[in-house]
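Participant: Below is a structure I'd like to ask you about.
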């Protein structure tokens, strides 16, 4: 047995059965092993940021890690943005990165980084990083990576595998002794939270990680109904159960000004699987925290804890097991007509999206109304594709979710500018015959930057300023892009046209794309920013 065979057996013994890959010379022996085995499904992607984003979407829905094949340092670097998103989503993932033979690296061939090693950059987006020193160590480290990836809510593990470690002889794969245990919340912490929840203070319980999955929300809903606390969801949920019959939860707003108004009513915020709510960016003269100064923020369970066990312990301590949570009730809007706005698209999605669908959101500025309009849709899972705010995750995450859940319809709401970052994912959707409907929200602009520009400009925006925010010269033709990769595609410019196209897509299987040219008014948000900046 050589090192590649030993590593492959270690990964499959650990239960990893799906590989997203953009391989090169340094991964050929693993390609060979996958080709000889039925144990792993390989999914070829045309760019590494699609690889890492797809592995992210897969793990969010499958509940277990995939592994990736990435070629040398530059290939790994191409996948960093969506690795960052995956890390912020607490996604389990194992990356196998090929490298030059360890004895050839000092000769400084072309693929070597000019100022360091692959492990140097890997550590910035990985919870665990190692480089194998021998063939016998390769499989041992692969087994360790697979075990560590499933601790807490999930970890990013990156193993650098020099080619000589692939071809040199190695002993058999190590025996996996079971998952590494995840820390639990102490009984004293549970008791302390019970006291806080019964204190009479106006309380928001802010949820993240597995607390937003259906099972977690069921437990959290009982806690909220028992104590009178409000259930809140972190701004960028990696996965959240939504729709008819699901437990009610409010999303914390993204924009600082909106979030400050949202949190003004609370005296304490309890974090369960979520991080403290802070502004994504610092703004001159503005606070960094979304909560007001007098509101105490208290962590009950972090994403590194066993969040589900913590919720179960809290339900038991409150004797809330029989308490019925507040639930979302299905509300069907009227069929939209007239201008094609984000609201109209959301209404069509809410009316037509089937039960059990997976809704992947990278709608950017359009996402605010799309989210609001789909709250009462049929039961579905909602994935915010870019919890790390690195754009370009929507199409890859949708691809991975469809691989994980081939029996569920996937709907991807994708802003046009960020969609161009990873449009290669369309090709893989066709190759894998994924049941995905992509809705391109076409406004020919990086519209969110108009809001951000309002924070810093004096007077009206100049044409030169606007030229750096607009992508209409030339306007991107998504129908031709999609058809060039084998995706059936149509365009829609009115609410009626979109509704008909989306209805047809929901009745068919396979990859489809709708280019939706939207009418959007962001002026109320800009006015709010300007008012706040003037102390209004």
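The values are calculated or read from the model by the stated rules, or taken from the named source; none is laboratory data. Computed from a predicted model, the values in this text were never measured in an experiment. Every residue, glycine among them, receives a Cβ derived from its backbone with ideal geometry; neighbour counts consider all protein chains shown.
Participant: For the stretch 428-439, indicate whether the set of residues that are at pLDDT 95 or above and more than 29 Å from residue 351 (Cα to Cα) is non-empty. Even if it seems obvious, please write down each step before you answer.
Facilitator: As a first pass, look at the stretch 428-439 and keep what is at pLDDT 95 or above: 428-439.
Right, trim to more than 29 Å from residue 351 (Cα to Cα) and you get 431.
Yes, the conditions are met somewhere in the stretch 428-439.
Participant: Same structure again: When you go through (1) over 17 Å from the mean Cα position of the chain (by Cα); (2) surrounded by fewer than 22 Cβ atoms within 10 Å (Cβ to Cβ); (3) in a helix (DSSP H, G or I) one by one for residue 371, which number turns out not to apply?
Facilitator: So the condition that residue 371 fails would be (1).
Participant: More than 13 Å from residue 95 (Cα to Cα) and either assigned to a loop (DSSP other than H, G, I, E, B) or assigned by TED's automatic domain parsing to the domain that holds residue 34 (or both), is that true of residue 153? Even if it seems obvious, please write down each step before you answer.
Facilitator: Details: more than 13 Å from residue 95 (Cα to Cα): yes; either assigned to a loop (DSSP other than H, G, I, E, B) or assigned by TED's automatic domain parsing to the domain that holds residue 34 (or both): yes.
Spelling it out, residue 153 is indeed more than 13 Å from residue 95 (Cα to Cα) and either assigned to a loop (DSSP other than H, G, I, E, B) or assigned by TED's automatic domain parsing to the domain that holds residue 34 (or both).
Participant: I need the full set of residues from the stretch 391-408 which are in a loop (DSSP other than H, G, I, E, B) and surrounded by 21 or more Cβ atoms within 10 Å (Cβ to Cβ), in order please.
Facilitator: Of everything in the stretch 391-408, those that are in a loop (DSSP other than H, G, I, E, B) and surrounded by 21 or more Cβ atoms within 10 Å (Cβ to Cβ) turn out to be 391, 392, 393.
Participant: Quick check on the stretch 452-464. Is at least one of its residues buried (at least 22 other Cβ atoms within 10 Å of the Cβ) and farther than 23 Å from residue 280 by Cα? Let's see the steps before the verdict.
Facilitator: So the first thing to find is which residues in the stretch 452-464 are buried (at least 22 other Cβ atoms within 10 Å of the Cβ), and the list is none.
Looking for residues that are buried (at least 22 other Cβ atoms within 10 Å of the Cβ) and farther than 23 Å from residue 280 by Cα, one finds none in the stretch 452-464, hence no.
Participant: Next question, about the same structure. When the stretch 192-216 is examined, which residues are found to be within 16 Å of the chain's Cα centre (by Cα) and part of a loop (DSSP other than H, G, I, E, B)?
Facilitator: Hits for the stretch 192-216 are 208, 213.
Participant: Additional query: Pull out all pairs, ordered by first then second residue, where Cβ-Cβ is under 9 Å, the residues are six or more apart or on different chains, the first lies in the stretch 66-93 and is in contact (Cβ under 8 Å) with a residue 40 or more places away in the chain and at positive phi, and the second is in a helix (DSSP H, G or I) and surrounded by 21 or more Cβ atoms within 10 Å (Cβ to Cβ).
Facilitator: Listed by first residue and then by second, the contacts come to 72/26; 72/118; 90/209; 90/210.
Participant: Can residue 135 be described as surrounded by 15 or more Cβ atoms within 10 Å (Cβ to Cβ) and out of contact with any strand residue (DSSP E or B) (no Cβ under 7 Å at 6 or more places or on another chain)?
Facilitator: The answer is no for residue 135.
Participant: Something else: With the stretch 443-536 as the region, which helices (runs of 4 or more DSSP H) entirely inside it contain at least 3 residues that are closer than 26 Å to residue 389 by Cα, touching a helix residue (DSSP H, G or I) at 6+ places or on another chain (Cβ under 9 Å) and at pLDDT 80 or above?
Facilitator: Hits in the stretch 443-536: 478-484.
Participant: Could you please find all residues in the stretch 33-58 being within 21 Å of residue 99 (Cβ to Cβ) and modelled with pLDDT under 95?
Facilitator: Listed by number, the residues that qualify are 33, 34.
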